[in-house]
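**Q** Sharing a structure with you now.
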Amino acid sequence: MRSGRIRCFALSFLLLPLLVLGAYAGTITLGTAGSYAVLAGSAVDIYGPATLSGDLGLWPAASSYITGLTSVTFASGTEDNTDAMTAQGDLTTAFNTAAGLSVPPTNALTTISGATTLPPGVYSISSAAALTGTLTLKGGPGALFVFQSGAFTTGSGASALTVLFFNTTTDSYGYDPDIFWETGSSMTLGTYTALEGNILALTSITLDPYSTITCGSALARNGAVTLSGYNTISGCGSETTVPEPGTLGLLGSGLAILAGVARRRMRI
């Protein structure tokens, strides 16, 4: 009997990872907004050379509020204002989903500075101080990282923020399309900031000179996106998702069934 209880106790630990994953089992889908490197609501202002991998679009403001477009080199994509209305709708859905994710108390951060390493999860940042240093995000393929703040600002020059993704499956640095920076106001990337992820801003986004976004996008719902010059934004495809709760639920059901079968066998 004692050995049977020990085996049941051990089997119960199989379910713990599912409970942890379930805490972050939201789905953030960019939909048509995922094809945009830059999407804005009121204006797109470009003041110097920029390279974009993905579309550039504006809605509801008219295309005449896009300035400096001749400075843009499209590695892929084009100016697409026709589909921008639909993309803004999908952006709103993604923004609301990201903003609605709950933050565990241990993930409530004051700021990010120095050398910081974080596992997958949903984080909040309360301080208005600039984010600085090197932030390494460690997780497997499809790992979800969401950062929420009233407003984001990153450091400049020697204090610029660098964000890296370390793939724990391949044990090497790579890219993760499931990194999101959600702000109820605006985000400004200081000079030489190297960000990874998709910025979902209610108002505006500004990239200071030489700041870059890798495997992500600058998506502003109501305000402007400003590219100050020598900026690069590389996108990650037409759609960005994280594992759906249903998939995790099926895994949990499967393990629960196995545990039940094991218990019946112990009684025999």
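We did not get these values from a lab; they are worked out from the coordinates using the rules stated. Because the structure is predicted, anything quoted here is derived from the model rather than measured.
**Q** Quick one: which residues, 5 or more positions from residue 198 or on another chain, have an amide H under 5 Å from its amide H? H modelled 1.01 Å from N in the peptide plane, none for Pro or chain starts.
**A** Hits under the 5 Å cutoff: 179, 180, 181, 217.
**Q** May I have the pair-distance distribution P(r) for the stretch 26-241, computed from all Cα-Cα distances with 10 Å bins from 0 and rounded to whole percent?
**A** With 10 Å bins starting at 0, P(r) equals 9, 38, 38, 13, 1.
**Q** Moving on. Sequence gap at least 6, Cα distance under 8 Å: using those rules, report the relative contact order of the stretch 26-241 to the nearest whole percent.
**A** Relative contact order for the stretch 26-241 comes out at 24 percent.
**Q** Averaging sequence separations of C-alpha pairs under 8 Å and six or more residues apart, then dividing by the length of the stretch 75-149, give the relative contact order as a whole percent.
**A** Worked out over the stretch 75-149, it gives 27 percent.
**Q** Can you give me the long-range amide H partners of residue 152? Hydrogens built in the peptide plane at 1.01 Å from N, cutoff under 5 Å, separation of 5 or more residues or another chain.
**A** HN-HN under 5 Å from residue 152: 186, 187, 188.
**Q** Note the full-extension length gain between residue 127 and residue 73 as 0.36 nm times their separation in residues minus their Cα-Cα distance, in nm to one decimal.
**A** The span from residue 127 to residue 73 would gain 15.9 nm if fully extended.
**Q** On average, how much area does the Cα convex hull of the stretch 37-129 cover when viewed from any direction, in nm²?
**A** So the Cα hull casts an average projection of 8.4 nm².
**Q** Okay, next question. Along the stretch 86-91, what does the Karplus equation 6.51 cos²θ - 1.76 cosθ + 1.60 (θ = phi - 60°) give for ³J(HN,Hα), rounded to whole Hz, x for Gly and Pro?
**A** 5, 5, 5, x, 5, 4
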